[in-house]
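The values are calculated or read from the model by the stated rules, or taken from the named source; none is laboratory data. Everything quoted here is computed from the prediction, not taken from an experiment. Reconstructed Cβ throughout: ideal geometry from the backbone, glycine too, with neighbour counts over all protein chains shown. When the accessible area is computed, the model is the full protein with side chains, heavy atoms only, and any ligands, DNA or RNA have been set aside. Shrake-Rupley method; radii C 1.70, N 1.55, O 1.52, S 1.80 Å.
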Amino acid sequence: MSEILGALLHRRAVKAFEAIEIPQALREQVLEAARHAPSSFNMQPYRFFWVESSSSKAAAAKLCLGQMPAATASALVVAVADIGSLAATSQAQLEWMCTSGFSHTKIRDYERTAKIGRILFMPGPFGVFGAVKWTIFRLVNLWKTMGMPPVFRQDLLKWATKSTSLACENLMIAAEALGLNTCPMEGFDGRRLSRFLGLSTRYHEIVMVIAIGKKSPAYAEPPQWRRPLDATVTVL
């Protein structure tokens, strides 16, 4: 636990990297950590693009506004919220359950839950179905306490962004624990970067780009400041 906490507390956004190649085994460990992050309904609504070839990295770095971390990193990880994979993910989990010894009752319950989820999460053409669902939920909420599920496409992308961000944090902490450094970036040309990666604006939204590599010996980290705990946390 102390090693994990140490990696978390020592992680910094590194602005300049030295030129090293990240071994495939190390890359896979970092991405496995991201893949094992928690996600809402275990739907894992994200995709990661690991950009490491010289030409692709140079093109992606340019679309990250030429920032120093992007230009010097060994690789760039583009984290994408993906709402187009939900049906395929639930089907894949169902098939896994059928071959992993789950009871018929558990499988039937999951099928029912997945079906309800598809209905709740389906905005429909032009968002019409989403508007109908929003009206129904608002009316029900007048007399019953309940949460509001994502009913419009933008709500779905916001929902997927939360799970994507959890996976990004896993990735960065794993990188730190494995001797690598990272820098999460929000400065990028989302439209052109999406086109470069072949993404659909209907189903995908880039959440962040993470520069990853080994901190340059010439890079001097500035002192770190955080608000005190009592300015951040309220205990009730």
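Can you tell me the relative contact order of the chain? Whole percent, Cα pairs under 8 Å, sequence separation 6 or more. Relative contact order here is 36 percent. Once the dipole of the range 160-236 is set up with Lys and Arg at +1 and Asp and Glu at -1 on Cβ about the Cα centre, which of Gly179, Ser194, Tyr219 lies farthest towards its positive end? Going by the Cα projections, it comes out as Ser194.
Peptide packing for 26-38, 101-113 was compared via the average number of neighbouring C-beta atoms within 10 Å per residue; ordered from the highest value, the list is 26-38, 101-113. Protein heavy-atom accessible surface, 1.4 Å probe, per residue over the chain: 61 Å². Across Glu205, Glu186, Glu169, mean-square fluctuation computed from a Gaussian network of the chain (C-alpha pairs under 10 Å connected) peaks at Glu186. Site pair Arg202 and Arg153 shows an inter-label distance of 0.8 nm when each label is modelled 7 Å from Cα along Cα→Cβ. Each Lys or Arg adds one and each Asp or Glu takes one away; over the other residues whose Cβ falls under 15 Å from the Cβ of Leu76, this sums to +3.
What residue among Asn42, Asn170, Asn181 shows peak mean-square fluctuation when the chain is described by a Gaussian network model with Cα springs under 10 Å? The residue that fluctuates most here is Asn42.
Counting Lys and Arg as +1 and Asp and Glu as -1 over every other residue whose Cβ lies under 15 Å from the Cβ of Arg195, the net charge comes to +2.
For the options Ala16, Ala177, Ala220, a Gaussian network treatment of the chain with springs between C-alpha atoms closer than 10 Å singles out Ala220 as fluctuating the most. Segment Ser40..Ser2, full-extension length gain: 10.9 nm, with 0.36 nm per residue of separation and the alpha-carbon distance subtracted.
By DSSP, the beta bridges lying fully in the chain are antiparallel in about 95 percent of cases. Leaving out ligands, DNA and RNA, and with a 1.4 Å probe, what % of the accessible surface on the chain is carbon or sulfur? The computed percentage sits at 60. Where the centre of each part is set by its Cα atoms, how far does the range 4-43 sit from the range 158-199, in angstrom? Between the Cα centre of the range 4-43 and that of the range 158-199, the gap is 10 Å.
In this label model, Lys214 and Glu28 are separated by 2.1 nm, measuring between points 7 Å along each Cα→Cβ vector.
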